[in-house]
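Taken together, the values in this text are just the output of simple stated rules run on the coordinates, not laboratory data. Remember, it's a predicted structure, so these values are computed and weren't measured experimentally. All Cβ positions, even for glycine, are placed from backbone atoms using ideal geometry, and neighbour counts span all protein chains on display.
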Amino acid sequence: MDEQTISARLERTSEGAVLNLSGCLTVWSAAEAKEALGRALGEADRVEVDLAGVEAADVTAIQLLCSAHRSAAERSKSVVLRNTGGAVRRLAEDAGLVPRAGCREGCLWAEEG
């Protein structure tokens, strides 16, 4: 898989939207992923980001997802993650973001949507 490639597909649901990401969520694809997240938040109050198709990720993925979560909260919207197994989950674990007792309420990594 090309490290510069991310694919984003937005699906509307009765509860908001699901943004399906697949490919490599790295510094090379951050601009495309950021644009897709912005579009999704522009169209729905609740966005589930499905990461099942993400094959590779770097710290940029963590920064991007956390930033989208904060931006959504500031606008009384929400971003939740689902299917975080694989590349993104390993990265979050390595960064110490896996929820533990005492994790802040509302933390993006605390639970999946």
Label point distance in nm, Ala31-Glu74, each placed 7 Å from Cα along Cα→Cβ = 2.2
Describe numerically, in nm with one decimal, the distance between label points set 7 Å from Cα along Cα→Cβ at Gln63 and at Ser7.
-> 2.7
Could you state the principal axis extents of the C-alpha atoms in the range 3-46, from the largest down, to the nearest angstrom?
-> 34, 15, 10
Taking every Cα atom in the range 6-94, find the radius of gyration and the maximum pairwise distance Dmax, and write them in Å.
-> 11.8, 35
